[in-house]
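Taken together, the values in this text are just the output of simple stated rules run on the coordinates, not laboratory data. Owing to the predicted nature of the structure, the values given are computational and were not obtained by experimental measurement. Positions of Cβ are backbone-derived with ideal geometry, glycine not excepted, and every protein chain shown enters the neighbour counts.
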Amino acid sequence: MSDPIIPDPIPAIDTVPEAAPEMVSKSELDKALADMHKFKAEAREMRTRTQADVEKSLREQKRWEELVTIKDGELNELRQHSVETKKAIIQEKKYHAIKEEALKAGIRPEALVDLELVALDKHTGRRREVSA
């Protein structure tokens, strides 16, 4: 006869409760947010000044091709931002139109959260479900 198979002992489950997340006071949070916004504004200002200095230097040295390259890059960034903004506005309008029609059709208000899982197909205008 063969020896019976003895299962490995089940490891003990650690029953120590997880520590509660650390909380900060509202005043500390407000101070941290104010500092963050201040530093972001300073960084933006420094970046703008640096770009202006580079452009001024290129103009003085009559390095027009490099200046055009920089301006083309800025233009492309602005165009991309414009396209993304337009797409976001269109999606938001579509979502609100669907929400309004769903409410008219009698959807329960607590089910409105599920509408975020529905997207509109770009080409046909038909709704399709998006996996979460």
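Cross-link partners for K104 among the lysines, with Cα-Cα distance under 18 Å and sequence neighbours closer than 8 places in the same chain left out: K93, K94.
What you get for the range 64-103, charging only the Cβ of Lys and Arg (+1) and of Asp and Glu (-1), is a dipole of about 340 debye around the Cα centre. In a fully extended conformation the segment linking K26 and K99 would gain 22.8 nm over its present Cα-Cα distance, using 0.36 nm per residue. All other residues whose Cβ lies under 15 angstrom from that of A43 are scored, Lys and Arg at +1 and Asp and Glu at -1, for a net of +2.
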